[in-house]
Amino acid sequence: MLIEWSVVQCFTERGGDPVATSNGNTRGPAVAAADPLGEPFLQTRLAPPGRPATFLRRSRLLEHLDQALDTPLTMVNGSAGAGKTLLVADWAAGLGQPVAWFTNEAGDQGAGVFWAYVLHALQAAGVPLCADIGCPADASRVDHKLLARLADELSGHDRPAILVLDEFDRQTAPQTAEQLEFVLHHAGPGLRLILVTRTEPLLPLHRYRAAAAMTEIRDAELAFTPDEAADLLELHGLRLPAEATRALVERTRGWAAGLRLCAMAARESEDPEAYLREFEAGRSAVADFLLAEVLKRQTARTQDLLLRVSVVDRFCPALAEALTGRSGLEPVLAGLYRQNAFVEDVGHSWYRLHPLFGEILRAHLRARHPGLEPELHRRAGQWLRATGALPEALAHGAAAGDWEFTAGAFVDDLAIGQLFTGLRADDLAELFARMGPEVTGAAPDVVRAARDLAEHDLERGLNHLRLAEEHLAEEALDPALRLSCVLLESLAARLTGSPSRAEKAVATAEELRHEVPAHLLDKHPELTALLLTHLGSARLWAGSFDEARAALSEVAGCPSGVATALPRQDSLGHLALIDYLNGWLGRAERKALAALSETEQFGLHRPPGADLGRLVLAAVAVDRDDLGQAQALLEEAADSAPAALDPVTAAGRSLVAARLLLARGDPRAAAAAADPAVPADVASPWAEVHTALVTSAAHLAEGRPDTAAKVLDDVPYGTEPAYAAELAWAQLAAGNRDAALDLVDHLRTRSRTGPGVSVCAALVRARAAQEAGDEATARKLLARALLEARRERLRRPFLDAGPRLRHLLDTPPLQSLAAGWLTPGGPAPRAPEERAPLVVEELSGREREVLVRLAQMMSTEEIAADLYVSVNTVKTHLKSVYRKLGVNRRGEAVRRARERGLM
Amino acid sequence: MRYEIRIDGLMSETLTKAFPELDHVRMSGQTVLFGRVIDEAHLYGLLTRFQSLGLRVVEMRQLPE
């Protein structure tokens, strides 16, 4: 059955080869420039805050900051309220060239999220970046190659990109500093990094200092001199004798926030000078005391407003109204901003409290209204939810401890798929981990089930899913909730190897998708992509290759993007496996490489998609008799997935492992490895056939042809073309000539299968003919098989063909057909029909430069020296050259590049 | 681990409530916060909170059990 409902509009309708769509226009800048997290407030974090009317420009600091253009690294380092951000914002505004600005926030976890924002900030500032760089789609990590591509790209620009990372102390992911250092180092003069931070970042600052490659502005320099303080006070309308100003500077240590609060408090008092004298003599903590003083002088309503908005990071008039229950706050906020009383303007009529003052105001809120904070969080959550700001709504719902609201909002938004894919997965899992077991209801149970399944805890996941479905049965609930349940059903079906369950889930989804608002489906392309991937996986498990391909191709054909990167990669891996099982080695290889390329582009390292891709490449390598390569790929796949529960991946892994062991001449170990031992509701034909083939080979190798034949007779899938040829070969090996010929005769009428199958069938016939004494027919069949196999470099069947057939290969004219690729000797024949496969991705300029030097027989070190880059960078380029050309060795890379006219 | 942390200036009642896990005493122009600190993570968390409230730490030491 084909999918009858059209997937969301961004999916293409094409049913053809999905690889073709993964290179061209779908990776255009439009996708890359999209807000990586779909966050409506992001723009307020990508622009420097506005300078208030009372901002004092200090030329000595601006002049020092101008040196930032000459040094790779600049650090503006000072305590809270030292005036760091406004200094850099003012400098950036006067620079006359765009500056990429990003304000870090406490809620962003993980290196993947950080780099997604940094890339976004660079693009928003008009830094030309080619779409090839990619974007991290895995919240917690970023692929090193992505950073190398970014640094490479920046290093090639004429004008350096200026990147300001404000509040960098909030960036707590431990790898970030190291990664920044890497990019900074390799971007060379192409990047000027300015860190604004309260604490020293973990970059090797001593090295930058020693090399005079760093501009540094610290607390002492940021402190106001008495003259500057006098100017600042004057901006606030205060004129003091020099002596009084000096004393004030001494008392506040020239601290900007302290001076500002002083001015605000004094301005409101009857005798400012006397007031300040009193303050100077006091011993209270500066900000604490002054803020209380300034707050005290506001009207009761303004005080209430300031305390209440302190629970949110940013606010607009409407949100402030929701928090206070009052209306008409727009002019009040604008007034507070004008008076420079705590409130800062972050653009688009959004405001924030100065971070230092916000923190102290929260302490006041708790003291003055104990217990009000959760209620304010609840109100903020509800308002944000209503305006479509889901991530913020969830954070406030969780802070309020209102889990029914939080889980409900998450499920109602149809965002359940984000627990499985996209940049938010880790943050969401962490957020919902705080939900206690006492919370009951359909939405909380759906969320619990999703978390369990995402963590591969099948038993608990199914349990929670059952609980959620019981809730659903009791009351007619929201379609979004039911659709979320259906998604989890399809995943459960995939993990338990149950295609009928998956079909039922997808049929229900088809009914439900007309009941949920269309904009929600558009907003969450990952939902449909995941659903179809799970359906395809379950169908593939059950051996319904065509139906599986129909579902998987839709996913693989959808435009590349962060939200759908994981299901796309997963689907490409599955499609590669289908091609492999059908005997199309070259196609399988291309799709597996496309899956891995998706992995690299988005820095994904989550099984099973990446794993399946590697496993298929390993299987292809076994068939091409490149056993070392197969072993390496198999180990790589094993490393990345300690616990693969997915039956298709588990069976694929055991298939490759067993074939490799057989090829290495260890049939007993192969038989042990052949059984995937995954519990599944229905049997999988290809997994069973493969287990039978390996078991039979093991029996045969140990001298039990009867048992070997018996194992094969028990396989009920002989008529399936994908398996028939290999089964026939095994039958022939076990001595059942008639059964073997019967199988291959049946095969003749089918055409869906590839060279892997037809070569094997030809060998069966050739061997049967040879045994019947008809050498001429055997030669003719072998010649055809050789021609067909050469295109795919398919060597395994000939190597396993036995001494008699192999003897024929050593005689003319077959000898010349086999020479160069199957048997040693002879010049490598360039088969006329061999067309170089298309380049999946274009080489970058830098990669081409490396390739040209490679062709000149330069070593990695020499290339590094020649291009003024590090050896590791050259290695990174080499790896992507290999990947793009689909080769593993230098010589091959040069040869293929010449073939395609790339050099 | 028990710690004693000296803060420059006299903290208000309101602000000391931001550190409910610690006791406090005000003396000679300083506020001394003291009490049990669970582990290193807690310690560094406290330092960050002092910083974000604009408080200056002048001394910090571990007390004998």
Item to check | Taking the C-alpha atoms of region A:493-601, convex hull volume expressed per residue in Å³ | outcome: 88
Item to check | On Cα atoms only, tilt of A:242-252 relative to the major axis of chain A in degrees | outcome: 40
Checklist entry - Relative to the first principal axis of the alpha-carbon coordinates of chain A, what is the inclination of helix A:355-368, with its axis defined by its Cα atoms, in degrees from 0 to 90 and to the nearest 10? => result 80
Checklist entry - Can you give the average number of partner chain beta-carbon atoms within 10 Å of each beta-carbon in peptide B:46-55, as a whole number? => result 6
Item to check | Dipole-positive endmost among A:Leu62, A:Ala509, A:Val343 within chain A (Cβ charges, Cα centre) | outcome: A:Leu62
Checklist entry - Can you pull the three principal axis extents for the Cα set of region A:354-448, in Å, largest first? => result 39, 29, 23
Checklist entry - So what's region B:2-63 giving for Rg/Rh, alpha carbon basis, Kirkwood Rh from the mean inverse pair distance? => result 0.91
Next on the checklist: So, taking all protein chains as they sit and a 1.4 Å probe, how much accessible area belongs to B:Arg36, in Å² rounded to tens?
Outcome noted: 130
Item to check | Sorted largest first, extent of region A:845-899 alpha carbons per principal axis (Å) | outcome: 28, 19, 18
Checklist entry - Counting only residues 5 or more places away or on other chains, whose amide H sits under 5 Å from the amide H of A:Tyr351 once H atoms are built in the peptide plane? => result A:Phe315, A:Cys316, A:Val346
Next on the checklist: Are there any GluC sites (Glu not before Pro) in region B:1-33 that are in a DSSP loop and have at most 15 other Cβ atoms within 10 Å? List them by number.
Outcome noted: B:Glu21
Checklist outcome for this item: Long-range share for region A:180-325, i.e. C-alpha pairs more than 29 Å apart as a percent of all pairs, stands at 43
Checklist entry - Within region A:346-447, which GluC sites (Glu not before Pro) sit in a loop by DSSP and count at most 14 neighbouring Cβ atoms inside 10 Å? => result A:Glu438
Checklist outcome for this item: The orientation-averaged projected area of the Cα convex hull of region A:226-296, in nm², is 4.0
Checklist entry - Taking only Cα atoms, what is the 0 to 90° angle, nearest 10, from helix A:775-792's long axis to the longest principal axis of chain A? => result 10
Checklist outcome for this item: If the chain between A:Arg668 and A:Glu702 were fully extended at 0.36 nm per residue, the gain over the current Cα-Cα distance would be 11.4 nm
Checklist outcome for this item: trypsin sites (Lys or Arg not before Pro) in region A:203-261 lying in a DSSP loop, each with at most 12 other Cβ atoms within 10 Å of its Cβ, come to A:Arg239
Checklist entry - Can you give the accessible area of A:Asp313 in Å² (nearest 10), computed on protein heavy atoms with a 1.4 Å probe? => result 100
Checklist entry - With labels modelled as points extended 7 Å from the Cα through the Cβ direction, what inter-label distance (nm, one decimal) is found for A:Leu235 paired with A:Arg466? => result 6.7
Item to check | Ellipsoid equivalent to chain A - semi-axes via the Cα gyration tensor, in Å | outcome: 64, 33, 19
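The values are calculated or read from the model by the stated rules, or taken from the named source; none is laboratory data. This one's a predicted model, so the numbers in the text were calculated from it and none came from an experiment. Neighbour counts run over all protein chains shown; Cβ positions are idealised from the backbone, glycine included. Calculation scope for accessible area: heavy atoms of the full protein, side chains included, ligands and nucleic acids excluded. Shrake-Rupley method; radii C 1.70, N 1.55, O 1.52, S 1.80 Å.
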